[in-house]
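Chemist: Here you go, one structure.
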Amino acid sequence: MSKYVESNLIRDEKIVLKAKINPLALLKDFVICAAIMAIGIVVKVMAFSNAGESGEQIGTYVMLAFIAVAVIKFLIAVLYIAMTAMAVTNRRVVGKVGVLKVDSLDLQIDKVDNVSIKTPFVGRILRYSTLEIKSTGSASGWKIRYISNGPQLKNAITEAVEQHAADARRAQAAEIAMAMNRGRN
């Protein structure tokens with residue numbers, strides 16, 4: 001899905017750094033899904049094994065329902081990782097996240113208020129974190145999960161914000177100098 005970022009670049013915009021999504025984050029979802037499947041099998045064996053032929057059939061349906069839920073949950077996790085794209089450019093933070101509900105991000109660098117990284121316990125082990133970006137005028141912010149290069153992204157965004165501010169100060173100083181020179185003539 002990195003083509004999403006490239007297709008949304010504007011004139012003279014260059015990618016500074018792309019988010020790298022860690023596929024090892026799927027291990028957590030795989031373990032959860034395996035547990036759901038195991039619970040379905042245990043429920044079938046424990047609750048419906050002595051219930052006769054119709055009870056056995058109901059137990060099979062219950063077990064299949066547990067397996068279906070687990071498979072759907074895992075597929076959603078796989079799609080989330082496959083469909084997530086984010087990059088820092090010299091002008092903006094651009095990205096999209098989601099499977100069924102897609103959230104797009106198009107945030108001008110000068111509107112970034114805060115960038116933070118949160119790493120859960122499992123994330124420390126599997127080396128991923130969640131990047132949170134808060135912007136001017138937005139109470140909720142934007143989160144992207146399972147990033148393996150979170151600290152580098154945070155630094156890239158911070159440096160882009162500082163560079164933008166320095167460029168704005170230089171442009172303002174040049175305008176003031178031109179205005180002062182006009183006033184002398």
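The values are calculated or read from the model by the stated rules, or taken from the named source; none is laboratory data. The shown structure was predicted, so the numbers you read here are calculated from the model rather than taken from an experiment. Counting neighbours? That spans all protein chains shown, and the Cβs are built from the backbone with ideal geometry, glycine included. All accessible areas refer to the heavy atoms of the entire protein, side chains included, with ligands and DNA or RNA removed. Shrake-Rupley method; radii C 1.70, N 1.55, O 1.52, S 1.80 Å.
Chemist: Starting from the Cα-Cα distance between Ile72 and Gln152, subtract it from 0.36 nm times their residue separation and give me the gain in nm to one decimal.
Modeler: Extending this stretch completely gives an extra 25.5 nm.
Chemist: Could you tally the net charge around Gln108, taking each other residue with its Cβ under 9 Å from the Cβ of Gln108, Lys/Arg +1 and Asp/Glu -1?
Modeler: Working: positive: Arg91, Arg92, Lys111; negative: Asp106, Asp110.
Taking every other residue near Gln108 into account, the sum is +1.
Chemist: Provide the FRET efficiency to the nearest 0.05 for the Arg169-Thr60 pair, computing r from the beta carbons and using R0 = 45 Å.
Modeler: Details: r = 70 Å, r/R0 = 1.56.
Efficiency, rounded to the nearest 0.05: 0.05.
Chemist: Over the range 66-155, what is the relative contact order in percent, taking alpha-carbon pairs closer than 8 angstrom and at least six residues apart?
Modeler: That works out to 18 percent.
Chemist: Excluding Leu26 itself, what net charge comes from residues whose Cβ is under 15 Å from its Cβ, given Lys and Arg +1 and Asp and Glu -1? Walk me through the intermediate numbers first.
Modeler: Values: positive: Lys20, Lys28, Lys73, Arg127, Arg145; negative: Asp29.
Summing Lys and Arg as +1 and Asp and Glu as -1 gives +4.
Chemist: I'd like the accessible area for Asp12: 1.4 Å probe, protein heavy atoms, all chains in place, Å² to the nearest 10.
Modeler: 100
Chemist: Label Ile10 and Leu79 with points 7 Å out from Cα along Cα→Cβ: what is the distance between them in nm?
Modeler: According to this spin-label approximation, the distance is 3.2 nm.
Chemist: Can you flag which of Lys14/Lys143; Lys18/Lys143; Lys101/Lys134; Lys28/Lys134 are past 24 Å Cα-Cα? Could the numbers behind the result be given before it?
Modeler: Values: Lys14/Lys143 22 Å; Lys18/Lys143 15 Å; Lys101/Lys134 20 Å; Lys28/Lys134 27 Å.
Table pairs above 24 Å Cα-Cα are Lys28/Lys134.
Chemist: With a 1.4 Å probe and all protein chains left in place, how much of the accessible area of the range 4-62 comes from carbon and sulfur atoms, in whole percent?
Modeler: Here it works out to 67 percent.
Chemist: Using 0.36 nm per residue of separation minus the Cα-Cα distance, give me the extension gain between Val102 and Phe30 in nm, one decimal.
Modeler: Length gained between Val102 and Phe30: 23.6 nm.
Chemist: Please work out how much length the chain gains when fully extended from Asn181 to Ser138, using 0.36 nm per residue of separation minus the C-alpha to C-alpha distance, in nm with one decimal. Mind dumping the intermediate values first?
Modeler: Numbers: separation 43, 0.36 × 43 = 15.48 nm, distance 4.07 nm.
So the chain would gain 11.4 nm between Asn181 and Ser138.
Chemist: Moving on. Round to the nearest 10 and report in Å² the accessible area of Ile21, as given by a 1.4 Å probe over the protein chains' heavy atoms.
Modeler: Solvent-accessible area, nearest 10 Å²: 40 Å².
Chemist: Within a Cβ distance under 12 Å of His164, other residues only, what is the Lys/Arg minus Asp/Glu net charge?
Modeler: +1
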